[in-house]
Structures are given as C-alpha cells and as structure tokens.
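Take a look at the structure below.
The values are calculated or read from the model by the stated rules, or taken from the named source; none is laboratory data. Model, not experiment: these values are computed from the prediction. In this analysis, Cβ positions are derived from the backbone assuming ideal geometry, glycine residues included, and neighbour counts consider all displayed protein chains. To get the accessible areas, we keep the full protein, side chains included, count just its heavy atoms, and leave off ligands, DNA and RNA. Shrake-Rupley method; radii C 1.70, N 1.55, O 1.52, S 1.80 Å.
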Amino acid sequence: MYKNRDEFLKKRYDPDSKVKFNYHEEAPSRLGVILSKIRKAEAPIKLLDIGCYDGHVGILLKNKFGKKCQIYGVDAAPNSVKLALKNGIQAKLCDVTKGISFESNIFDYVFAGEIIEHLYDTDFFLEEIKRVLKPNGILIITTPNFISFGRRIYYLFGKGAFMEQSFTLPERAAGHIRFFTFDSLKELAMLHNFEPEMIFSDTVNFPRFRSDLLAKIFPTMGQSIIAFLRNKK
C-alpha cells in the first residue's frame with residue numbers, strides 16, 4: 001500500500017521501481033505517429049519534456065527536430081532526473097502541481113505525454129505551460145481516449161475496463177483521475193486560448209486486435225488523443 005497519491009505516482013513512475021514503465025515500449029504507435037508529424041527545425045528551438053522519465057523520449061524528439069533542438073526535462077522522481085541527466089537531457093526535479101520551474105516565454109515546444117490525466121488542477125497545468133511557452137509555441141499533448149473503441153465494447157457488456165478504484169486495484173493502476181474525449185480536450189484547450197492545429201489518434205485497439213489505419217479513418221475510436229496546440233497569447 002502507498003501512504004498517499006504523491007508517493008504512488010513517484011514510485012509508480014520511478015525507473016528503479018518494481019513496476020517497469022517506458023513510454024516508448026508501452027505505446028510505440030503513439031510515439032511513432034507523433035514523430036511522423038515533426039519536421040526538422042530550421043532555427044534553434046528549445047523543447048521541454050514534462051514527465052521526462054529517463055530521457056528516452058526527449059532524445060527521440062531531439063533527433064527528429066535535429067541538431068538545432070535543445071531538450072529540457074522535468075520529473076517528480078529523483079531517479080528519473082538522474083537518468084535523464086546521464087542521457088544528455090537538461091533535466092531537473094519538479095512537481096508540476098506546484099508550477100513548472102522555468103522562467104516565462106522560453107520554450108518553442110512543450111511535450112506532455114500521458115500527464116494531464118494524473119492532475120487534479122488541469123487548468124493550472126495548462127496555464128503554467130502557457131507561461132513557459134513562447135507566443136505561438138506548440139504544446140504536444142497526449143492522453144487516453146476515454147471512449148475508445150475497446151472501452152466502448154467493454155462498457156457495453158458491463159465491464160469496467162481501465163476503471164481505477166484505488167492505488168492498488170486493479171493491479172496495473174496508473175493513477176488516472178481526469179478523463180478526456182476528443183471534444184472535451186479541445187474545449188479545455190480553447191478555454192485556455194490554445195488553438196488546435198492537429199488532433200488525431202494512434203491506433204484502434206481491442207484484445208487481439210489493433211489497427212493504425214482505422215485510427216486514421218475514425219480517430220475518435222482510437223486509444224489515444226494526440227493534439228498539437230498553438231499557444232495564442
């Protein structure tokens with residue numbers, strides 16, 4: 001058992017914990033489709049990876065943007081920060097529920113992969129991202145699609161798929177407390193003056209079935225919501 005939610009999140013996503021998590025390995029299609037939308041940077045840019053873990057995703061993003069990209073990271077787990085620093089990410093320890101520990105208007109891109117669903121105060125989170133982003137900077141955000149095809153089928157038959165009742169049940173509890181659809185994420189983003197540029201999904205999934213093509217045709221059926229949002233200050 002965990003003492004509180006903060007302890008759960010830090011241990012759940014700590015690379016030294018018994019529960020192994022890797023954004024790249026757990027969601028190769030999600031990361032792949034994000035990278036496919038990124039073009040080489042023609043001018044110097046700075047990118048912040050929120051929840052940078054061991055820095056692996058940050059490195060992939062840097063490689064895609066090219067040599068003119070500087071990667072920074074924040075994470076709540078000390079061991080993650082140590083690994084990210086070792087892997088060449090300019091990372092620091094940070095609890096984003098209290099703010100993002102960088103000055104204002106310095107980043108061209110912010111990447112927040114599977115973060116917002118863990119936060120009570122999503123409004124504060126988006127406002128902090130707005131603060132550190134430059135005007136017209138881009139937020140790349142991903143979150144689970146609460147009404148994906150797989151979930152709809154489960155719920156139709158009265159099965160509580162991926163519904164978390166505690167820190168320990170079900171066995172693979174992830175600590176999600178906010179749930180989004182394509183429309184609700186877009187509505188929240190626009191409320192904070194982010195302009196949606198692209199919103200898409202990665203794959204339509206169901207046990208023993210997965211289709212990236214169906215996600216392109218019917219994105220609202222996909223397992224993930226992936227959005228590129230422009231900061232309109």
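Please compare each pair in LYS40/LYS67; LYS37/LYS216; LYS98/LYS232 to a cut-off of 18 Å on the Cα-Cα distance and tell me which ones are over it. Correct reply: LYS98/LYS232.
With 5 Å bins from zero, work out the P(r) of segment 178-233 over every alpha carbon pair and list the percent per bin. Per 5 Å bin, starting at zero, the Cα-Cα P(r) for segment 178-233 comes out as 4, 21, 25, 20, 14, 9, 5, 2, 0 percent.
At R0 = 30 Å, how high is the FRET efficiency between LYS67 and SER36 if r is their beta carbon distance? Nearest 0.05 is fine. For R0 = 30 Å, the calculated efficiency reads 0.90.
Roughly how big is segment 153-233's charge dipole about its Cα centre, with Cβ charges of +1 (Lys, Arg) and -1 (Asp, Glu), in debye to the nearest 20? Mind showing how you got there, number by number?
Details: 10 positive and 8 negative charges, 12 e Å.
Here segment 153-233 has a charge dipole of around 60 debye.
What does a probe at LEU93 reach in segment 54-81, counting residues whose amide N is under 13 Å from the point 7 Å along Cα→Cβ? Once the point is set 7 Å along Cα→Cβ of LEU93, 75-81 turn out to lie under 13 Å by backbone N, inside segment 54-81. The 1.4 Å probe gives accessible areas that order ASP183, ASP6, ASP123, largest first, as ASP183, ASP6, ASP123.
Taking a probe of 1.4 Å, how large is the accessible area per residue of the chain, in Å²?
Numbers: 12340 Å² over 233 residues.
In whole numbers, the chain has 53 Å² accessible per residue.
Considering only LEU61, MET221, LEU47, and ranking their Cα positions along the charge dipole of the chain that arises from unit charges at the beta-carbon of Lys, Arg, Asp and Glu, the one farthest toward the positive end is LEU61.
Restricting segment 46-133 to GluC sites (Glu not before Pro) that sit in a DSSP loop and have at most 16 other Cβ atoms within 10 Å of their own Cβ leaves GLU103. Here LEU85 and TYR120 are evaluated by their C-beta separation; at R0 = 41 Å the FRET efficiency comes out at 0.90. Overall, the accessible surface of the chain at a probe of 1.4 angstrom is composed of carbon and sulfur to the extent of 56 percent.
With r defined as the distance between the Cβ atoms of ASN4 and LYS233 and R0 fixed at 45 Å, what FRET efficiency is calculated, to the nearest 0.05?
Details: r = 36 Å, r/R0 = 0.79.
Once the sixth-power term is evaluated, E becomes 0.80.
Structural descriptor for the chain: relative contact order 18 percent, calculated from alpha carbon pairs under 8 angstrom and at least 6 residues apart. In the set [x] 24.0; [y] 12.5; [z] 13.6, the label that goes with mean projected area of the Cα convex hull in nm² computed for this structure is [y]. Straight-line cross-link partners of LYS62 among the aspartates and glutamates, defined as a Cα under 17 Å from its Cα and at least 8 positions apart when in the same chain: GLU42, ASP49, ASP54, ASP108. Counting heavy atoms of the protein chains alone, MET221 has an accessible area of about 60 Å² for a 1.4 Å probe.
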